[in-house]
Amino acid sequence: MTLPDGPKSPRFVQLIQWIGDPMTYLDKCAKQYGDIFTAQIGRPVVIINHPQAVQEMLNSNALHAPGKANHILKPIVGEQSMVMFSGERHKRSRQLLMPPFHGERMRNYGKLICDIAADVASKWSVDRPFVARSAMQEVTMRVILQAVFGMDDGPRLQQLRPVLASFVDMTGSPLQSSMLFVKWLQQDWGSWSPWGRMKQQGRKIDDLIYAEIEERRLQPDANRTDILSLMMAARDENGQPMTNEELRDELMTLLFAGHESTATAIAWAFYWIHHLPSVRQKLLQELDSLGENPDPMEISRLPYLSAICQETLRIYPVAMQMFAREVLRPVELMGHQLEPGTVIFASIYLTHRREDLYPEPLQFKPERFLERQFSPYEYLPFGGGSRRCIGLALAQLEMKLVLATILRDFDLVLAEKKPVQAKRRGVTLGPAGGVRMALLGRRRSQQKRESVASGV
Ligand code: HEM
C-alpha cells in the first residue's frame, strides 16, 4: 500500500517528537510535505490539514470513526465509553447522552455557571497569585458535576473534586503523557509506579461514582432531568437498564472530555486577554455596556467576547486533532489513493494555522471572526461529523460566562511577563505552567454598580 510521503526519521524518533513537542513536529511536517502527509507515530497515520480534505473525510461513506482507534483513552474512560464504540452502538450512546447538551438546556445552566465562577473568584486575594487553569478546573468540574450530573454540592462532591483533579494531572506533562501512548509504561507496581498511582486514584473515583449511583437507585426521582437520571431510566432494545460499569464509563467520559478541555480553553483566554492590553480594553468596554445583572444569554451573544473565545480555540486548539478516522473502502483524498485500514487524523492545529485561511496565523486577532465567516472545515475546534463534540454548546457558554463574570468584577494581571508557551497535557494542548495570575483588586465599575444598588 502506498501512503502519502512523510518524514523519514525512525519511528521511535517521530513518536518521541509527537509526544514531547507535537507543534514543532507538525509544523515541520506541514512545511515540508504540505496538505497531507504520513507520520509514523506508533503506527503510520495520514495527517490532513486542508479544508477540502477534511470535508471529503467527513462526508465520505468510505470512511468511519472506529472506537478501537481511541484505545489510549481506555485506562481513563473505560471500555463502555461512547468513544470506544463504533457504528450503531456509538450512535445509540450519543443519542442517550445528547439531551442535556442541547442548546435550549443551556438556558438552565447559565445562572449556575455565573454563580460558580463568582464563588471561585471570591476566594482570590491580592497577595496570593493563582494558577488560572487550576481555578478554572474547579469551575468546570463543579459545572459538570452539578449541572450535567445533577450532584448536590455535598460531601461526596467535595471528596470527588480533588481526586479527579489529581487523576487528570497525572498526565500533566509530556513525560507523564507517555504513559497513555506507550503500553509498556503501563505497569502497576502500586504507589511506586506512576501507572499504579493512577490506578489507585481511578479506584477512589470509581468508589465515589458507584456510591452516587447506588444512592440514586435507592431514591429514584422521575422529575430529574440530569444525565445520570436519564441514563439510569434508559432501557435497551431488550428492556435492560445500563449496568453500573456502563454508567461509570459514560460519566467518566463526560468528565474527562468536558472539564479539562474547557478549563484549559478558559485559562488560554485569560492569558490572551491580559497579554494584549488592547484586547482587554475592548472587551471591558463591551462588558461594561451591559446593565446590572445581565441575562446570561445576553452575555453569550456579545460579539467581541464571542470572537475572543473563537480566536482562543483557533490559535491553540485544546484538542490538537480529531479522533481517528479509518478507510473502509478504497478512497481518493487530495489526489492520493488510500486503501482500507488506513488511519487518518484531521489536524485541527495545522488547519487553524494555515496562512491562506488565517493571515498572520501566530497573531491573536479576534477581529478575524468579526470580519469573515469560516466554514466548518476551516474552523473546527470541536471536530465534526459523527464524533463532533457533544459538549460544544456547554463549553462555549462556559467560556463566555466565566470570562464575563470574572472580568466585570475583578482587575487581574499576568503574574509573569514572559510569553506562555503551549505544551502537551495528555491528549490536549495547554499553557505551560497553567497561566499564573494575580488579583489587583475589584474593578471600579463594579464598586460603582454596588454603590448604586445599595443607594450610597
Ligand atoms: C473547549 C472545550 C472543548 C473542546 C475544544 C472539545 C473538543 C472536542 C473534539 C475535537 C472532539 C472530537 C471530535 C471529532 O473527532 O470529530 C470532541 C469529542 C467529544 N467531546 Fe468535546 N470538547 C470540549 C468540551 C467538551 C465538553 C464540555 C463535553 C461534555 C461535558 C465534551 C464531550 C465530548 C465527548 C463525549 C466527545 C466524544 C464524542 C464521540 O465519541 O462521539 N467536550 N471534543
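The values are calculated or read from the model by the stated rules, or taken from the named source; none is laboratory data. What you are looking at is a predicted structure, and each value in this text was computed from that prediction instead of being measured. Quick reminder, even Gly has a Cβ in these numbers, built from the backbone with ideal geometry, and neighbours come from all protein chains shown.
Report the residue count in the range 220-260 for those that are closer than 29 Å to Glu398 by Cβ, free of Cβ contacts under 8 Å to residues at least 60 places away in the same chain and of a type outside the set (A, V, I, L, M, F, W, C). Adding up the residues that qualify gives 3.
Checked across the range 80-88, the condition of being assigned to a helix (DSSP H, G or I) and over 18 Å from the mean Cα position of the chain (by Cα) holds for at least one residue.
In the set (1) assigned to a helix (DSSP H, G or I); (2) among the aromatic types (Phe, Trp, Tyr); (3) surrounded by 15 or more Cβ atoms within 10 Å (Cβ to Cβ), the condition left unmet by Phe37 is number (1).
Taking the criterion of being over 17 Å from Ala30 (Cα atoms), surrounded by 13 or more Cβ atoms within 10 Å (Cβ to Cβ) and either in contact with a helix residue (DSSP H, G or I) (Cβ under 7 Å, 6 or more places away or on another chain) or among the β-branched types (Val, Ile, Thr) (or both), no residue of the range 1-12 qualifies. Inspect all residues belonging to the range 47-70 and state whether any of them is in contact with a Lys or Arg (Cβ under 7 Å, 6 or more places away or on another chain), within 14 Å of the ligand (Cβ to nearest atom), at positive phi and in a loop (DSSP other than H, G, I, E, B). There is no residue in the range 47-70 that is in contact with a Lys or Arg (Cβ under 7 Å, 6 or more places away or on another chain), within 14 Å of the ligand (Cβ to nearest atom), at positive phi and in a loop (DSSP other than H, G, I, E, B). When Gln281, Gln240, Gln219 are screened for being of a type in the set (S, T, N, Q), surrounded by fewer than 18 Cβ atoms within 10 Å (Cβ to Cβ) and at pLDDT 85 or above, only Gln281 passes. Of everything in the range 100-110 that's loosely packed, with under 13 Cβ neighbours inside 10 Å and of a type outside the set (S, T, N, Q), which residue is nearest to Arg387 (Cα to Cα)? Filtering first and then ranking leaves His102. Entry remark, the range 240-259: residues being in a helix (DSSP H, G or I) and either more than 9 Å from the ligand (Cβ to nearest atom) or over 17 Å from Val148 (Cα atoms) (or both) number 8 in total.
Taking the range 65-85 as the range and being of a type outside the set (Val, Ile, Thr) and buried (at least 18 other Cβ atoms within 10 Å of the Cβ) as the test, the residues that pass are Ala65, Pro66, Gly67, Ala69, Asn70, Leu73, Gly78, Gln80, Ser81, Met82, Met84, Phe85.
Any residue that is closer than 29 Å to Leu251 by Cβ, within 9 Å of the ligand (Cβ to nearest atom), part of a loop (DSSP other than H, G, I, E, B) and within 19 Å of the chain's Cα centre (by Cα) - is there at least one of those in the range 409-428? Looking for residues that are closer than 29 Å to Leu251 by Cβ, within 9 Å of the ligand (Cβ to nearest atom), part of a loop (DSSP other than H, G, I, E, B) and within 19 Å of the chain's Cα centre (by Cα), one finds none in the range 409-428, hence no. Considered as a group, the residues in the range 299-321 that are closer than 20 Å to Tyr109 by Cβ and assigned to a helix (DSSP H, G or I) include one that is nearest to the ligand (Cβ to nearest atom), and that residue is Leu313.
Could we say that Leu287 is within 16 Å of the ligand (Cβ to nearest atom), part of a helix (DSSP H, G or I) and either in contact (Cβ under 8 Å) with a residue 12 or more places away in the chain or in contact with a Gly (Cβ under 9 Å, 6 or more places away or on another chain) (or both) here? Here the answer is no, as Leu287 does not meet what is asked. At least 3 residues being modelled with pLDDT under 80 and over 27 Å from Gln219 (Cβ atoms) is the threshold, and among the helices (runs of 4 or more DSSP H) wholly inside the range 90-201 those reaching it are 155-169, 174-181. Of everything listed in (1) closer than 17 Å to Ala269 by Cβ; (2) modelled with pLDDT under 95; (3) not small (Gly, Ala, Ser), the single unmet condition for Val402 is (2). Taking each residue of the range 108-130 that is free of Cβ contacts under 8 Å to residues at least 40 places away in the same chain and looking for partners that are among the hydrophobic types (A, V, I, L, M, F, W, C) and part of a helix (DSSP H, G or I) with beta-carbon atoms closer than 8 Å, six or more apart or interchain, yields Asn108/Ala147; Leu112/Val143; Leu112/Ala147; Ile116/Val139; Ile116/Val143; Val120/Ala135; Val120/Val139.
The residues listed here are Glu371, Glu367, Glu398; of these, the one that is within 22 Å of Glu286 (Cβ to Cβ) and either crowded, with 20+ Cβ neighbours inside 10 Å or within 10 Å of the ligand (Cβ to nearest atom) (or both) is Glu398. Please enumerate the residues belonging to the range 322-342 that are away from the ligand (no atom under 16 Å from the Cβ), not in a strand (DSSP E or B) and not small (Gly, Ala, Ser). The answer is Leu328, Arg329, Pro330, Met334, Glu339, Pro340, Thr342.
Could you check Gly34 against (1) without any contact (Cβ under 8 Å) to a residue 24 or more places away in the chain; (2) touching a strand residue (DSSP E or B) at 6+ places or on another chain (Cβ under 8 Å); (3) within 30 Å of Asp356 (Cβ to Cβ); (4) of a type outside the set (Val, Ile, Thr) and say which number it fails? Status for Gly34: all satisfied but (2).
Would you say Phe345 is touching a strand residue (DSSP E or B) at 6+ places or on another chain (Cβ under 6 Å), at pLDDT 95 or above and either away from the ligand (no atom under 16 Å from the Cβ) or more than 30 Å from Gln281 (Cα to Cα) (or both)? Considered against the rule, which asks whether it is touching a strand residue (DSSP E or B) at 6+ places or on another chain (Cβ under 6 Å), at pLDDT 95 or above and either away from the ligand (no atom under 16 Å from the Cβ) or more than 30 Å from Gln281 (Cα to Cα) (or both), Phe345 comes out as yes.
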